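So the structure is just underneath, and the comments pick up after that.
Just so you know, all these numbers are worked out from the coordinates, no wet-lab data involved. Values in this document were obtained by computation on a predicted structure and should not be read as measured data. Glycine also receives a Cβ, built like all others from the backbone with ideal geometry; neighbour counts cover every protein chain displayed.
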Amino acid sequence: NAGVMQNPRHLVRRRGQEARLRCSPMKGHSHVYWYRQLPEEGLKFMVYLQKENIIDESGMPKERFSAEFPKEGPSILRIQQVVRGDSAAYFCASARGHSQETQYFGPGTRLLVL
Amino acid sequence: QKEVEQDPGPLSVPEGAIVSLNCTYSNSAFQYFMWYRQYSRKGPELLMYTYSSGNKEDGRFTAQVDKSSKYISLFIRDSQPSDSATYLCALDRENTGFQKLVFGTGTRLLVSP
């Protein structure tokens, strides 16, 4: 029973490039959350998606960041024109449904911007 | 002021000790309280989940919520080296329609053999 999968596990980008982070939820889960963990800080909620819908993106920076969860395929967190401050660990979590369903986290993608 | 405060540690204890981990919060709207364990370079995994005030026990772990003081605790009995990890408290408000978690910064625990 595969858990939440994220790839790549490590991603190095130069300033100005684009970063694409992928998240495949657990089987049977149709809800995806993205979090960012900066050094010495806790996880911060970024966005909550259901298939083909963004439900809450109140934690997403207003520029350069976008997320999608298409009908087929993984959820994608996209960061355009990366800056050094984007260096962080990005975690996705999936849940079976909404409300208080438990979130199961993936292993994270560690983004380093040079 | 952060919504959730948690001492980053590290907290070092010998094997077999009782460990107490704590978080304080400022917003009385939080109704759901969770503890996650995160090993180095891994994603968080849910340990305990409680709703409102009271205690909940699961094996060596006990979660305690005191809403009047806005204070939550996780106790680990008979701690083991394998418990060495970062422990994150996570809180959620009621009636948001989905689980929008607010995390503490995490406390790093080191249990020495």
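So how strong a dipole does chain A carry about its Cα centre when Lys and Arg Cβ are +1 and Asp and Glu Cβ are -1, to the nearest 20 debye?
Using Cβ point charges on Lys, Arg, Asp and Glu, chain A gives about 420 debye.
Starting from the Cα of A:Ser87, step 7 Å along the direction of its Cβ; do the same at A:Gln50; then give the gap between the two resulting points in nm.
With each label point 7 Å from Cα toward Cβ, the separation is 3.9 nm.
Given the C-alpha atoms of the protein assembly as shown, compute the convex hull and give its volume per residue in Å³.
129 Å³
Using a Gaussian network for chain B with springs between C-alpha atoms less than 10 Å apart, which of these wobbles most: B:Arg37, B:Arg60, B:Arg93?
Of the options given, B:Arg60 has the highest mean-square fluctuation.
For segment A:18-114, evaluate the Debye formula with one uniform point scatterer on each Cα (no solvent term) and list log10 I(q)/I(0) at q = 0.12, 0.16, 0.25 Å⁻¹, rounded to two decimals.
With one equal scatterer per Cα and no solvent, log10 I(q)/I(0) is -0.34, -0.61, -1.47.
Through the Karplus equation 6.51 cos²θ - 1.76 cosθ + 1.60, θ set to phi - 60°, convert the phi angles of segment A:60-69 into ³J(HN,Hα) values in whole Hz; use x for Gly and Pro.
Result, ordered by residue: 7, x, 5, 10, 6, 9, 8, 9, 8, 9 Hz.
Between beta-carbons, use under 11 Å as the cut-off and find the net charge around A:Lys71, counting Lys and Arg +1, Asp and Glu -1.
Result for the local shell: -2.
In debye, nearest 20, what is the charge dipole magnitude of chain B about its Cα centre with +1 on Lys and Arg Cβ and -1 on Asp and Glu Cβ, if you could check?
220 debye
Checking the table A:Lys71/B:Lys67; A:Lys51/B:Lys67; A:Lys62/B:Lys56; A:Lys27/B:Lys2; A:Lys71/B:Lys70; A:Lys71/B:Lys42 against a 30 Å threshold on Cα-Cα, which pairs fail?
From the list (A:Lys71/B:Lys67; A:Lys51/B:Lys67; A:Lys62/B:Lys56; A:Lys27/B:Lys2; A:Lys71/B:Lys70; A:Lys71/B:Lys42), the Cα-Cα distance tops 30 Å for A:Lys71/B:Lys67; A:Lys51/B:Lys67; A:Lys62/B:Lys56; A:Lys27/B:Lys2; A:Lys71/B:Lys70.
Per residue of segment B:31-37, what does 6.51 cos²θ - 1.76 cosθ + 1.60 with θ = phi - 60° give for ³J(HN,Hα)? Whole Hz please, x for Gly and Pro, Karplus curve as stated.
10, 10, 10, 10, 10, 10, 10
Given the peptides A:68-76, A:86-94, arrange them by the average over their residues of other C-beta atoms within 10 Å, most packed first. Walk me through the numbers on the way to the answer.
Values: A:68-76: 14.6, A:86-94: 23.1.
Put in order of decreasing packing, that is A:86-94, A:68-76.
Compute the length gained on full extension between A:Arg15 and A:Ser58: take 0.36 nm times their separation in residues and subtract their Cα-Cα distance, giving the result in nm to one decimal.
Once the chain is fully extended between A:Arg15 and A:Ser58, it gains 13.0 nm.
To the nearest 20 Debye, how big is the dipole of the protein assembly as shown about its Cα centre, given +1 on the beta carbon of each Lys and Arg and -1 on that of each Asp and Glu?
Once rounded to the nearest 20, the dipole reads 820 debye.
With the calculation restricted to Cα positions, what are the radius of gyration and Dmax of segment B:35-77 in angstrom?
11.4, 36
Starting from the Kirkwood Rh over alpha-carbon pairs, what translational D in µm² s⁻¹ does segment B:21-109 have by Stokes-Einstein at 37 °C and 0.692 mPa s? Don't jump to the answer; show the numbers that get you there.
Working: Rh = 13.3 Å.
Roughly 247 µm²/s, to the nearest whole number.
Can you list the residues of segment B:1-37 with backbone N under 12 Å from a point 7 Å past the Cα of B:Tyr51, pointing along Cα to Cβ?
Correct set: B:31-33.
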